[in-house]
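*Asks:* Please read through the structure below; I'll follow up with questions.
The values are calculated or read from the model by the stated rules, or taken from the named source; none is laboratory data. Since the model is a prediction, treat every value here as computed from it, not as a measurement. Note that each Cβ is placed from the backbone with ideal geometry, even for glycine, and that neighbours are counted across all protein chains shown. Accessible surface areas use protein heavy atoms only, side chains included; no ligands, DNA or RNA. Shrake-Rupley method; radii C 1.70, N 1.55, O 1.52, S 1.80 Å.
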Amino acid sequence: MYDLNQVGESTFYMDSPANVGFYVDENRVFLIDGGSDKDAAKKALKHIESRGWTLEAVICTHSHADHAGGCALLRQRTGCKIYASGVGASIITYSFLEPTYLYGGFAMKDLHSKFIMSAPCECEELTIEVLPKGLEYIHIDGHDFEQIALKTRDGVWFIADSVASAETLTKYKIPFLYDIAKQLDTLETLPKLEGSLFIPAHCPPTENIAELARINAENIREVATAIKRLCTDGLTIDELLERLFAEFGIKLYLTQYALVGFTTRSYLSWLYEKGEIKPVFAGTKLLWKTVG
């Protein structure tokens, strides 16, 4: 854990709770994500300093705390720039927004943990002009409001949280997703990308991303099928969550309730737009009922 692995002439990654990419351009380092917390950031900085490199900037693939948790420390210690795409830059800057949108209101302290809310850090919007030669990015939305993948000149792709491991899907079944339709588009896009290696944030690197993309797409379809089956006679959102937690053996605690609840609402929106589920008002209750 926290070892620095070289996977190309200019490309390295540090294996950690959320893998951190290192792109070296003439002794300048551009980190891909800032680490899950201060400890991860310190480990990354130690690798940089021991090799005589200079940290130029951190490019965050998206705004979640396990990817931006170390940014504030890195910026404080080195003065490096922090970049993220679109609204992600605002969430990293004003990190209280993360627990706020997860909970759907003012979030209690339990949702202000480092796993949900990173230390606030000044973050600028990413543009192609700030990237060094040999580093490029594309959007792979679905997991977050805006998420990017970065490709180095060595043909190595850092693909953030676009896929979860088969083990994670088996254990948690409903990984966090913001936009189901865009996530499915991303899973179709990944196998078409040209590259020598793909490095997800929470999985080992792989030369063939197609199988993992297929497993993730199948999991989405399985969860959607379960939701439609459970909603045959109409359920409130809390009734639906109760049955999903029971069906998939998901341990219930406040953070998990917020994460799974958010994702379940995303599924409902997607299924509603597809005409496969509909809201039904029964007195003072809002039920979600499968169409047909």
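*Asks:* Taking amide H atoms as placed 1.01 Å from N in the peptide plane, list the residues 5 or more away in sequence, or in a different chain, whose amide H sits under 5 Å from that of V20.
*Replies:* Here the answer is M14, since their amide H atoms fall under 5 Å of that of V20.
*Asks:* Normalised by the number of residues in the stretch 32-177, what is the relative contact order in percent for Cα pairs under 8 Å and 6+ residues apart?
*Replies:* Computed over the stretch 32-177, the figure is 22 percent.
*Asks:* Given labels modelled 7 Å from the Cα in the Cβ direction, how far is it in nm from K114 to Y272?
*Replies:* 3.7
*Asks:* Another question, if that's okay. Over the chain, what percent of the accessible surface lies on carbon and sulfur atoms, probe 1.4 Å? It would help to have the intermediate numbers written out before the result.
*Replies:* Numbers: 6930 of 13580 Å².
Carbon and sulfur together cover 51 percent of it.
*Asks:* Got the relative contact order for the stretch 106-177 handy, in percent, Cα pairs under 8 Å and 6 or more residues apart?
*Replies:* It rounds to 19 percent for the stretch 106-177.
*Asks:* Quick one: if the Förster radius is 22 Å, what FRET efficiency do A210 and Y253 give, using the C-beta to C-beta distance and rounding to 0.05?
*Replies:* On the way: r = 35 Å, r/R0 = 1.58.
Once the sixth-power term is evaluated, E becomes 0.05.
*Asks:* Here's something else I'd like to know. Given a 1.4 angstrom probe, what's the average accessible area per residue across the chain, in square angstrom?
*Replies:* Value returned for the chain: 47 Å² of accessible area per residue.
*Asks:* Would you kindly state how much longer the chain becomes between E222 and E49 on full extension, computed as 0.36 nm times their sequence separation minus their alpha carbon distance, in nm to one decimal?
*Replies:* Gain on stretching E222 to E49: 57.6 nm.
*Asks:* Amide H to amide H, which residues 5 or more places from D25 or on other chains are under 5 Å from it, using H placed in the peptide plane?
*Replies:* F30
*Asks:* Provide the gained length on full extension for the span F281 to N27, in nm with one decimal, where the gain is 0.36 nm per separating residue minus the Cα-Cα distance.
*Replies:* Length difference between fully extended and current span is 85.3 nm.
*Asks:* So what does H112 come to for accessible area, using a 1.4 Å probe and Å² rounded to 10?
*Replies:* Taking all protein chains as shown, H112 has close to 70 Å².
*Asks:* Next question. Filter the chain for me: DSSP H helices, axial length by Cα at least 20 angstrom, mean Kyte-Doolittle hydropathy not below 1.0. List them by residue number.
*Replies:* The qualifying helices: there are none.
*Asks:* For the stretch 166-171, what does the Karplus curve 6.51 cos²θ - 1.76 cosθ + 1.60, with θ = phi - 60°, yield as ³J(HN,Hα) per residue in whole Hz, taken in order and with x for Gly and Pro?
*Replies:* Values per residue, Gly and Pro as x: 4, 5, 5, 5, 5, 6 Hz.
*Asks:* When the chain is treated as a GNM, springs tying every alpha-carbon pair under 10 Å, which of E129, E239, E276 comes out with the largest mean-square fluctuation?
*Replies:* Result for the chain, Cα springs under 10 Å: E129 fluctuates most.
*Asks:* Relative contact order, percent, of the stretch 143-255 when contacts are C-alpha pairs under 8 Å separated by at least 6 residues?
*Replies:* It comes to 27 percent, rounded to a whole number.
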